[in-house]
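Enquirer: One structure, as structure tokens, below. Some questions next.
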Amino acid sequence: MKRFIFSGVAAILLALSAAAQQPDMAQLLVHYKFTYVRDTTDRAHPYTENMVLFVGKNASAYKSYDGISANAQFKKAWAEAAATSPDGQPRINRRGAGTPVEYYQFPNEQKLFTKDNLMFNNYLIEAPIPVINWKISGDTATFGGLRCQQATGHFKGREYTVWFCPDLPVHTGPWKLNGLPGVIVDARDAKNEVVFKFDGVEKAVPAAPYTGPADADLPPILRGLNDDQNLIEPPAKAIKATQKEFDKLKATMEKDPQAFAQAVMAGNRAEGVKMDNIRVAKGPGPRGPVVNNPIELPEKK
């Protein structure tokens, strides 16, 4: 384990067991090294990403830690460049990092919200939390000072072995994994093709209050950078859609990215969304990675 592991784990456990004024605020962060063999013809080069689970008293949010770090670095770079720019509007590029997909679990309400992105818009998909038939074993292990217990279960075509911490009494975990009497801190399928490896745990640090302009008054490139990551709440401004509707939009985008982008920009302008400083490249979109091994496999009949 490389970071965020410390001796004061008891303080984390106390924070979750105590009464919370805001149950939708993160009390602790569990870090994972996510590894995914998405191309079975190239197993030596799996996709990897640093992910984080924000755990509150009654809910959780699973996000890209690489993306959060990149946004923080860009915000700092913009402020430094703006201080020396003649008009306060520096011309610097913002490169995205990590997956834009986020998962919000509300175990008490049995709801799962997935935030996904298509070009300029965020979409929010609501669904029931998946039910996983776990078998809890008597095996125990310690992860970063957390006393954990092993469980196995079948989910989305794969057999998973996970370790959960009964001392963290929130029935949640990374991605869509859930349903155990404690936070899942490590998980992997039987073939080690999908791995959520424990990478540390830390107490959530309250964010400093933001006192600047509202998002709508900021340049598009800066919007969303001042959000409090500890707030476990699906994005209110995302477009609500069913999974079927989102999949249809995604297929349309992949078929003709340029036409899709122009349609989205026209729709956003009609709704009063500022689309300044956005350019659409001509021609077909870039080819994505080879994915012949979906995380969610079809169930055998």
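Enquirer: When ligands, DNA and RNA are left out and all protein chains stay put, how many square angstrom of accessible area per residue does the range 41-198 have with a 1.4 Å probe? Walk me through the numbers before you get to the answer.
Expert: Values: 7410 Å² over 158 residues.
On a per-residue basis, the range 41-198 sits at 47 Å².
Enquirer: Right, next: So for Arg43, Arg188, what's the accessible-area order with a 1.4 Å probe, most first? Intermediate values should be presented prior to the final figure.
Expert: Details: Arg43 120, Arg188 75 Å².
In descending accessible area the options line up as Arg43, Arg188.
Enquirer: Then there's this: Tell me, what is the 1.4 Å probe accessible area of Asp186, in Å² to the nearest 10?
Expert: 10 Å²
Enquirer: Can you run the Rg to Rh ratio on the range 14-132? Use alpha carbon positions and the Kirkwood inverse-distance Rh. Don't skip to the end; give the middle numbers.
Expert: Values: Rg = 18.3 Å, Rh = 17.2 Å.
Dividing the radius of gyration by the Kirkwood radius yields 1.06.
Enquirer: As a test of the definition: which semi-axes, in Å, follow for the range 156-249 when you take the square root of five times each eigenvalue of its alpha carbon gyration tensor? Largest first, please. Provide the component values of the computation, followed by the final result.
Expert: Numbers: eigenvalues 206, 92, 30 Å².
Value: 32, 21, 12 Å, ordered largest first.
Enquirer: Let me check something: with ligands and nucleic acids excluded, how do His171, His45 order by accessible area (1.4 Å probe), largest to smallest? Present the calculation step by step, with values, prior to reporting the outcome.
Expert: Working: His171 90, His45 135 Å².
Heavy-atom accessible area, descending, gives His45, His171.
Enquirer: Using label points projected 7 Å from each Cα along Cα→Cβ, tell me how many nm separate Lys250 and Thr84, to one decimal.
Expert: Roughly 4.2 nm, to one decimal.
Enquirer: Working from the pairwise distances between different alpha carbons, so that the mean of 1/r is found and then inverted, what is the range 48-107's Kirkwood radius in Å?
Expert: Values: mean 1/r = 0.0744 Å⁻¹.
Over the range 48-107, the inverse of the mean reciprocal pair distance is 13.4 Å.
The values are calculated or read from the model by the stated rules, or taken from the named source; none is laboratory data. What you are looking at is a predicted structure, and each value in this text was computed from that prediction instead of being measured. Neighbour counts run over all protein chains shown; Cβ positions are idealised from the backbone, glycine included. Note: accessible area is taken over every heavy atom of the protein model, side chains too, but ligands, DNA and RNA are not part of it. Shrake-Rupley method; radii C 1.70, N 1.55, O 1.52, S 1.80 Å.
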